[in-house]
Every structure is written in C-alpha cells, then in structure tokens.
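Presented below is the structure to which this report refers.
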C-alpha cells in the first residue's frame, strides 16, 4: 500500500491549519452520515453538541477521540482523512469495515476548540478528569466507553514544539505511549497489546521520519484518561502530533498521523496473536524537552553594565486573533542553552544586540530587535 498516494487521495481539504472548530467539523460529519452513523450524544458546558460517529460491522471495536484539548486539532484532521478512506469504496476500506467497528468522538471539547484553549469552558483539563468526572464532556466520553466496550482505545492529541525525540536535535514529529495501568508501570497483556501496536506504527514511520518518533513518559496518573482506560483493561494508545521542520500549520504532521492510524489498523487486521515487541517499543527515543522555536547564538549584550557574548532563545505563543491563529515570538531564556536546539538557529558571530528598550533582550517581550544596528529581526525572523 502506498501511504503517500492514499493520503493524497483522501485528505479532507476543508480542514486546514491549527484552528479546527465544531463549525468546520459539523458539516463534514453530516456529509459522512450516509447510513445513520452519526449521533448527538450530549452537550458541552456551553451547550454545543457532542457527536459520536460509528462505522463498520467488524468484531474488533476501536474507540477514538480527538481534541480533548481544544487547541490540539492536528489529529482531528487526520481522523477525517481516515474517515474519507472508509468511505472510498476501495478494497482496503471494505477490509477495514468488515474487520472493525470504529466509534469516534471527533471533537470532544468544542468550547475549548472555539476559544483555542487546552481546557473546557469551565477551565478544566478534561485529561485530568477521568476519575472524578466533573465535566459533561468527560461524562460522555466515559459513558460511551462503557456502552461501546472497545477492544482498543486511541487517545489523540497534539504536543508542543519544545519536544525532541531523544537528545540528538531531531523534533518529535509524532510521539506515542502505551500508558501504565498501575503505579509500578508493569506490563500486562492489555498494555502489551498497545505496545505492539506502537511498535508497528514506529516501524512504518521510520521510513518517512527517521529518528523523529518519540515515546512519551509513562508515569502513572489515574486522573488521565489513557491511564484510566488502561487500568480498566482496555489497550490504550496515546498519539501526540508534534512538530515537523517548518510545519507550524501541521499539515505534514497530519500526514504522518494519518500514516500511523493506517499502519495501526493494518497491523491489527493482520495479527491476532499477541507477541512481545516490548524491546522494539522501548527502543523508541524518549520525548525530551530540548527545543526552542528560535535560538540566537554568540550575540553581544549589555548585562548589568557589562558586555558579554551569550545565547538567547525565543518561543512562539499561539494567539487567537480574529478567528486566526497568530504565532508571536517572545524571548524566553538567556543562557548558554547547552543541550538545547532551535527549530531556527542564527549565529550572530559577536554582533551587538539592540532593541527599543536597550541592549539586552527582556524575557516575555516580543522578539523584535537588531544586530549591529543593521540586521533587523521582526517576530523572531530576519526582516526581508
């Protein structure tokens, strides 16, 4: 199967960029509702509808949800690309629909999505509400879990640009986790099934993004939904869509998440015997916080009246302005930045820093400055 062609043929062109809301998703769900697959299953805090989309007749039941954190829409895009595959009429689609029954909540936190926030309208992180179930969105997710009784759960998220796969300076474009089911982080049969799926995904993705697949930390927290479902005996797989080079809109990352979904279901379709791929899983590089969006090296600044040569970093903040996500670069650290990498790096070779306030970057200020009073940077980038 040529995954590149499959993606190109099934990419949902009406979903694009970082700001993915119910207003965009709802018409697509209605279009895909060809045989009463779509149900309104509840309401958000602000009264927006929560939908489930169920398709397929197979015995293996797959439960998927995206945008539990409202500002994490990359996996929602990939999920709709996959829905298009299931509606393509291809022999692969027929295999998938006969083998599996998919139940998806494709936008669990519509209020957070509209506001472009991690939390819901009550400012609660739904991924810390799996035990107390204080929020309507959390209750719906759990109720459908109990009604559907899935064989596998797919917990779909985004992660920040700060993460690298390992420590060698490669971004964690896609990261995965088979969550722990207990404090000791033991591996039982359920967790092993999730581990094996991730090992199969990694084997595929290494052909496309070698060295850019990460493994998330597996510290146990029963308040997290993945840990809870794993604790309840259902193999659960955490997806984290991360940064690909120069892809702040995450359109390339979207493709690799699509590849990961396809490869996971292909693996489950072909493998009924549980073998042990734990070593393959543990060989996936651990996620590490090693990146800034910008690093500027060997810059002369005036620090407490003394001129020194040092390095400093800037990091984008994503701000919702007029229904658009605007990336604003703010100064975030001044130090030697040892063992840190920048998605963009600039060597000043001793050039002198200046801005409207003085001769030293001020933390949390927008990254507008000059070097040697001639090279101008605006919002972190060289002004052309």
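Laboratory data are not the source of any read-out in this text; all were calculated from the coordinates shown. Worth saying up front: this structure is predicted, and the values here are computed from it rather than measured. Heads up, the Cβs are rebuilt from the backbone with ideal geometry, glycines too, and the neighbour counts pull from every protein chain shown.
Side notes on the structure shown:
- Square roots of 5 times each gyration tensor eigenvalue, C-alpha, the chain, largest first, Å: 39, 23, 20
- Label-point gap, in nm, between residue 54 and residue 303 - each point 7 angstrom along Cα→Cβ: 6.1 nm
- Taking 26, 183 and counting other C-beta atoms within 10 Å, the order from fewest to most: 183, 26
- Rounded to 5, the percent of DSSP beta bridges in the chain classed as antiparallel: 60 percent
- Segment 91-167 and segment 19-48: distance between their alpha carbon centers, rounded to Å: 14 Å
- Residue 36 versus residue 232: modelled label distance in nm, points set 7 Å from Cα along the beta carbon direction: 2.6 nm
- Spin-label pair residue 270/residue 139, simplified geometry with 7 Å Cα→Cβ offset, distance in nm: 4.4 nm
- Label zone at residue 384, where the point sits 7 Å out along the Cα-to-Cβ direction: segment 340-357 residues whose backbone N lies under 19 Å: 343-347
- Counting neighbouring Cβ atoms within 10 Å and putting the fewest first, the residues 244, 239, 148 line up as 148, 244, 239.
- Cβ crowding within 10 Å, taken as a proxy for footprinting-reagent exposure, orders 240, 319 from fewest neighbours to most as 319, 240.
- Stretched out straight at 0.36 nm per residue, the stretch from residue 13 to residue 128 would grow longer than its current Cα-Cα span by 38.1 nm.
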